[in-house]
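Please read the structure below before turning to the comments.
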């Protein structure tokens, strides 16, 4: 069974509409999947209908931003009720914060002789079919900067202006890690730490994060994220076993031009791992079985 539990649509910062994304996943041979847009569940209904039409098994998903010891980390949520009030209220608050951040990015770019960034990023975003009420994200600003001739490509936009520590890297007040986990659990969901390797932590700091995540009620970690190196996957598999975590995997797909994030094309999950989808609480919420 080919499982891909991490992907993004135009509901957040992906370039494919939810239905188009499901069709592409089906063509890639994916059997079980979840749409995990950033701090957003707006695309789930469309994704669910499309997944069923393609004969795929589907489970609700989201990727929540959270704060841990001054760092932003991401928590993948699965098998929750998308209409649960605790989650809906939390996502509304986050969306308001994202709008404020987008406005601040635009103001900073304008001060550097790049006016019209907010309107330009919104136009880029809406050209992909995104919800006009959804705030543009940094990739949308990057694409506008390319279109406006301020940079050569998206990579340069992030390297010079939008990446970590740069002018457009505006920190938002995310919920604390335990709060994000509890929001998912109160909504009936399962919390999984996204791409633990990507935070750049030392092994000791990563262990502290995993310990705190487990104490908060986290149930799993993403052992495989895209075409991650087998060496990194092996380390995360050992940590999953050490902390008693279930193991998840996903492509982290955003757009078709990133072959290392191709739908369904992940580094294999080690046989030593206990898969998330084998967990009874997760499995009973899967649609299309």
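The values are calculated or read from the model by the stated rules, or taken from the named source; none is laboratory data. These figures come from a predicted structure and were not determined experimentally. Because the Cβ atoms are built from the backbone with ideal geometry, glycine has one as well, and the counts that use them run over all protein chains shown.
If you check residue 90 against the conditions, is it closer than 11 Å to residue 175 by Cα and in a helix (DSSP H, G or I)?
On the way: closer than 11 Å to residue 175 by Cα: yes; in a helix (DSSP H, G or I): yes.
Criteria met by residue 90.
Working carefully through the options 154, 185, find the one that is surrounded by 17 or more Cβ atoms within 10 Å (Cβ to Cβ) and in contact with a strand residue (DSSP E or B) (Cβ under 7 Å, 6 or more places away or on another chain). Walk me through how you get there before you give the answer.
Details: 154 fails: in contact with a strand residue (DSSP E or B) (Cβ under 7 Å, 6 or more places away or on another chain).
Among 154, 185, only 185 is surrounded by 17 or more Cβ atoms within 10 Å (Cβ to Cβ) and in contact with a strand residue (DSSP E or B) (Cβ under 7 Å, 6 or more places away or on another chain).
Considering (1) in contact (Cβ under 8 Å) with a residue 12 or more places away in the chain; (2) under 19 Å from the mean Cα position of the chain (by Cα), say which one residue 148 fails and leave the rest.
All conditions pass for residue 148, except number (2).
Can you run down the residue pairs with Cβ atoms below 8 Å, 6 or more apart or on separate chains, where the first is in region 270-289 and touching a residue at least 60 places away in the same chain (Cβ under 8 Å) and on the phi > 0 side of the Ramachandran plot and the partner is part of a loop (DSSP other than H, G, I, E, B) and surrounded by fewer than 14 Cβ atoms within 10 Å (Cβ to Cβ)?
Pairs found: 288/55.
Kindly indicate which of 200, 217 is exposed (fewer than 15 other Cβ atoms within 10 Å of the Cβ) and in contact with a helix residue (DSSP H, G or I) (Cβ under 6 Å, 6 or more places away or on another chain). Steps first, please.
Numbers: 200 fails: in contact with a helix residue (DSSP H, G or I) (Cβ under 6 Å, 6 or more places away or on another chain).
Checking each option against the conditions leaves just 217.
Considering only residues of region 148-157 that are in a helix (DSSP H, G or I) and at pLDDT 95 or above, which is farthest from residue 111 (Cα to Cα)? Lay out the reasoning, then the answer.
Initially, region 148-157 is screened for residues in a helix (DSSP H, G or I), giving 154-157.
If we keep only those that are at pLDDT 95 or above as well, we get 156-157.
Working: 156: 19, 157: 16 Å.
Among those that are in a helix (DSSP H, G or I) and at pLDDT 95 or above, it is 156.
Residue 106 is checked against (1) surrounded by 14 or more Cβ atoms within 10 Å (Cβ to Cβ); (2) assigned to a loop (DSSP other than H, G, I, E, B) and fails just one. What number does that condition carry?
Checking residue 106 against (1) surrounded by 14 or more Cβ atoms within 10 Å (Cβ to Cβ); (2) assigned to a loop (DSSP other than H, G, I, E, B), the one that fails is (2).
Suppose we keep only residues that are part of a loop (DSSP other than H, G, I, E, B) and in contact (Cβ under 8 Å) with a residue 40 or more places away in the chain within region 43-68. Which one would you say is surrounded by the most Cβ atoms within 10 Å (Cβ to Cβ)? Write out each step before concluding.
Of all residues in region 43-68, those part of a loop (DSSP other than H, G, I, E, B) come to 43, 54-56, 59-60.
When the remaining residues are screened for being in contact (Cβ under 8 Å) with a residue 40 or more places away in the chain, the result is 55-56, 59-60.
Values: 55: 9, 56: 21, 59: 25, 60: 23.
Only one residue tops the list, namely 59.
Would you check which residues across region 123-138 are in contact with a helix residue (DSSP H, G or I) (Cβ under 7 Å, 6 or more places away or on another chain) and either closer than 20 Å to residue 110 by Cβ or part of a helix (DSSP H, G or I) (or both) and list them?
Answer for region 123-138, where residues must be in contact with a helix residue (DSSP H, G or I) (Cβ under 7 Å, 6 or more places away or on another chain) and either closer than 20 Å to residue 110 by Cβ or part of a helix (DSSP H, G or I) (or both): 124, 125, 135, 136, 138.
What number goes with the only condition from (1) within 30 Å of residue 129 (Cβ to Cβ); (2) within 19 Å of the chain's Cα centre (by Cα) that residue 287 does not pass?
Failing condition for residue 287: (2).
Quick one: residue 72 ticks every box in (1) touching a residue at least 60 places away in the same chain (Cβ under 8 Å); (2) crowded, with 17+ Cβ neighbours inside 10 Å; (3) touching a strand residue (DSSP E or B) at 6+ places or on another chain (Cβ under 8 Å) except a single one, so which number is it?
Just one mismatch for residue 72, condition (2).
Regarding region 110-122, can at least one residue be identified that is in a helix (DSSP H, G or I), touching a residue at least 60 places away in the same chain (Cβ under 8 Å) and surrounded by fewer than 17 Cβ atoms within 10 Å (Cβ to Cβ)? Even if it seems obvious, please write down each step before you answer.
Here is the first cut: in region 110-122, the residues in a helix (DSSP H, G or I) are 110-111, 117-122.
Filter once more, keeping what is touching a residue at least 60 places away in the same chain (Cβ under 8 Å): none.
The answer is no; no qualifying residue exists.
Can you pull out every residue in region 1-14 that is closer than 20 Å to residue 121 by Cα and buried (at least 22 other Cβ atoms within 10 Å of the Cβ)? Step through it out loud before you land on a result.
Of all residues in region 1-14, those closer than 20 Å to residue 121 by Cα come to 8-14.
Correct list: 8, 9, 10, 11, 12, 14.
Restricting attention to region 199-230, which residues are under 16 Å from residue 247 (Cβ atoms) and assigned to a helix (DSSP H, G or I)? Explain how you work it out, then say what you get.
Keep residues of region 199-230 that are under 16 Å from residue 247 (Cβ atoms), which gives 206, 210, 213-214, 218-226, 228, 230.
Of everything in region 199-230, those that are under 16 Å from residue 247 (Cβ atoms) and assigned to a helix (DSSP H, G or I) turn out to be 206, 210, 213, 214, 230.
For region 17-42, name all the residues that are modelled with pLDDT of 95 or more, surrounded by 22 or more Cβ atoms within 10 Å (Cβ to Cβ) and out of contact with any strand residue (DSSP E or B) (no Cβ under 6 Å at 6 or more places or on another chain).
Across region 17-42, the qualifying residues are 18, 21, 22, 37.
Please give the number of the condition residue 130 fails out of (1) buried (at least 22 other Cβ atoms within 10 Å of the Cβ); (2) at pLDDT below 95; (3) more than 28 Å from residue 4 (Cβ to Cβ).
(3)
List pairs: first residue in region 220-244 and at positive phi and modelled with pLDDT of 95 or more, second residue surrounded by 21 or more Cβ atoms within 10 Å (Cβ to Cβ) and in a helix (DSSP H, G or I) anywhere in the structure, Cβ distance under 9 angstrom, at least six positions apart or on different chains.
226/261
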